[in-house]
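Below you'll find the structure, written out as structure tokens, and then a few comments.
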Amino acid sequence: VDGNVTLTPRDLDVLPSDALVINVKNPPVPLVAAKGDGTDDTAALQAMFGYIPNTSTYGGDRGKSGAVIFFPLGNYGVSSQLNVNAIGVVLRGVSVESSVITPLPGFVGESVIRFTQPNNGYSNVGVGMEKIALFMDGVDTHGITVVKAYDGVTFSDVTVRNVADTKNGFRFIPN
């Protein structure tokens, strides 16, 4: 089952009422869909992360911005680090058996996915991942890195498999 995105109570608490919901295989125009067939989806996925507005301040709608990025059934190959630099971004899959991100041979970057400090200078608030697996296959890189995690950072039903001996599946950097 490919599945559809439904907003959860957590989403409604963390995200603004007009948050983006992007299905990576059926994104809004002008974005290009990810294939999820094990070939390189880096450019498509990074463009989707860059499409998320990062206009949050600590006022307004409780300082929320962000999106739910939905990964339907598939194996999403990446050749370089995916950078997420907006508050309130949740990457959600169908299940750890069905929504997989895999670094490809020759991968470049310190982590497969890096939640960086947002461009507005605030800490990472409301970011996370649910029902997604990273199959590292011994690639010499970290799995998931979160820089300056602050509040509402949630990882639920996320698996990082076959991490290289000198790397971490999950890495949190305070500043």
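Structure summary
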item: Of all residues making up the range 141-167, the number that are within 14 Å of Thr102 (Cα to Cα), assigned to a loop (DSSP other than H, G, I, E, B) and open to solvent by 30 Å² or more (accessible area, probe 1.4 Å); result: 2
item: Failed condition for Val100, given (1) surrounded by fewer than 20 Cβ atoms within 10 Å (Cβ to Cβ); (2) touching a Phe, Trp or Tyr at 6+ places or on another chain (Cβ under 6 Å); (3) at pLDDT 90 or above; result: (1)
item: Residue check for Gly138: open to solvent by 30 Å² or more (accessible area, probe 1.4 Å) and not in a strand (DSSP E or B); result: yes
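Yes/no per residue for (1) surrounded by fewer than 23 Cβ atoms within 10 Å (Cβ to Cβ); (2) modelled with pLDDT under 95:
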{"site": "Gly60", "(1), (2)": "yes, yes"}
{"site": "Asn83", "(1), (2)": "yes, yes"}
{"site": "Leu91", "(1), (2)": "no, yes"}
{"site": "Glu110", "(1), (2)": "yes, no"}
{"site": "Asn124", "(1), (2)": "no, yes"}
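The values are calculated or read from the model by the stated rules, or taken from the named source; none is laboratory data. None of these values were measured; they are calculated from a predicted model. No Cβ is skipped: glycine too gets one built from the backbone with ideal geometry, and neighbour counts run over all protein chains shown. What goes into the accessible areas is simple: the full protein's heavy atoms, side chains included, and nothing from ligands, DNA or RNA. Shrake-Rupley method; radii C 1.70, N 1.55, O 1.52, S 1.80 Å.
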